[in-house]
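Everything on this sheet refers to the single structure shown next.
FYI, it's all coordinate maths here, none of it is from the lab. Everything numeric in this text was worked out from a predicted model, so none of it was measured. Here the Cβ positions follow ideal geometry from the backbone for every residue, glycine too, while neighbour counts run over all protein chains shown.
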Amino acid sequence: MGFTEGDQRGERERFLLERWVKPPEVKEMQSSSKLEDGEIEEEIPSELCFDFSSRAQKMDRIGNLPDEILCHILSFLPTKQAALTSSLSKRWLNLWTHVPDLDIDDSIFLHPEVGKGERDEIRQSFVDFVDKVMALQGDSPIKKLSLKCITGFDPYHANRWIRNMLKRGVSDLNLYTDFFFKDIEPDYVLPDEIYISKTLVNLKIGCEICVNWWHEDMGASLPMLKSLSIESERIYCGKVEKFISSFPVLEELRMATVEWDDSDVTVSSASLRKLSIHAIGCDYDGFSNPDSISFDTPSLLYLDYSDIVADDYPLVNMKKLLEARVSLVESDARFRAQDNDLLEDDDVAVPVVKLMNGILNVEKLHLDSDTLEVLSQCCESMPVFNNLKTLCVTSEEGRGWQAMPVLLRNCPHLETLIFEGLLHHVTDKCGDACDCISREDRGRSLTSCPVKKIEIQGFRGTMKEMTMIKHFLEYFPCLKEMKIYYFEEKDPTELRNREVSNHVLEMMGLDNKIWSCNVQLLAPGELLITCLRSGLHKEVSDV
């Protein structure tokens, strides 16, 4: 992701502050001073050169800026570093206390001494520092608070600071905690004031232990909240329908990992545009399927949904959806035979088809290996994805490709196909999507697919992978470009060797056939080999 113009401007401002701000007591610069042998004189930009020729104290260029601009510059620094500017001069003494953004991170405060955060007096000094900051700021308005406490603080202090910020009208709150205090409850309870904030617009909560958002004896109303992200080992939020109704203008919601409190779940919001839900059943055994899950989100554009397959999806209203990431798992392994092939199960097929019908307008679809195998239960009733342009599939050696043939046939306008790994469980039901098992109708589903670009990630250079790549090159009739990214964990693979890379391509038979496709073998950060199918042209360059 590239930097925006605002990001670049912010970095420039931080650079100027840290490098060129000088106290007015600095003596006149000696422009004619001699340099030691081998020393290179650094040229100071003319617009930043300071005039200290007079005995009278003259402010430097940055020092002459209005307080509002200086506070804006300081807002790009962690609060601890911003406080250090108070030693520059009397002008800077309390300037940092007027910054409308606070970035408080105990790991920065305690860095770098190992074990420093385990000492009570050091932790208390951090608490004293934050208390002093807030005391100096008084009741001045605050826009943003980023609070990170991970070294064993009592959550009482964090909640006390949060209450202070809420009283001062904070609109952007980013909270990350990791409390290991012997006297606290097993789940972190947010301060009551957060549930009725009239100023919060963006709220992000991260916690290593459980987050208890909901209280049965009180409601919640955040009329200005547009973005909510909660990430924890477990989230309690009560009935989801009531939970979401507390945010009438919410546009973005992320919850990981949520524990459903009701057997019939309804996610309903007219304003929601981006939704990410990761249910706890995906990570822990012993959680059964919800009886039903409904999505009534007519304005939704992006969905990231990970869950156990529900018994039913009565309503899936996502007509504007453009992109979806789906990860579905069965609650048990009852539908696997002894040979690891799937058994037919209508109880799985019917609800999955309902969910797929609800998202069939997407232009980009991501399916993990578990979902791909779950979809094999409903091949005969798979919907047609007429708008789908990009399909991304994750493969694992323990999961099959049984659904791949029908997926390719039911995406009549597919342009880009992305594989995160090619190796998968070999079964006769994979059909002609791969070349793992010899068959007479090989490549039939591929020949009807209009895909123009294929991207393969995690390539290991195995014979099985190369056979599949040849299969794709031979049977995708419209294929124009293929990018293959080889896989590295800790040690560089042999594919970094150009001779080995050339040999891999030759083993694919690319030197004996002319394909109408540009095939690239890519490493992280560099292009190893480009093979243009007009005579096996090879080159090495940076990506």
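Using alpha-carbon positions, what is the distance between the centroids of the stretch 224-249 and the stretch 381-411, in Å?
Between the Cα centre of the stretch 224-249 and that of the stretch 381-411, the gap is 32 Å.
At a 10 angstrom cut-off on C-beta neighbours, averaged per residue, how do the peptides 137-148, 292-303 rank from highest to lowest? Show your work: numbers first, answer last.
Numbers: 137-148: 16.5, 292-303: 20.8.
In descending order of packing, they fall as 292-303, 137-148.
For labels at Asn361 and Tyr156 in the simple 7 Å Cα→Cβ model, what's the distance in nm?
That separation, rounded to one decimal, is 5.3 nm.
For Lys90 and Cys478, calculate 0.36 nm times their separation in residues minus their Cα-Cα distance, and state this gained length in nm to one decimal. Intermediate values should be presented prior to the final figure.
Working: separation 388, 0.36 × 388 = 139.68 nm, distance 7.03 nm.
That pair, Lys90 and Cys478, stretches by 132.7 nm at full extension.
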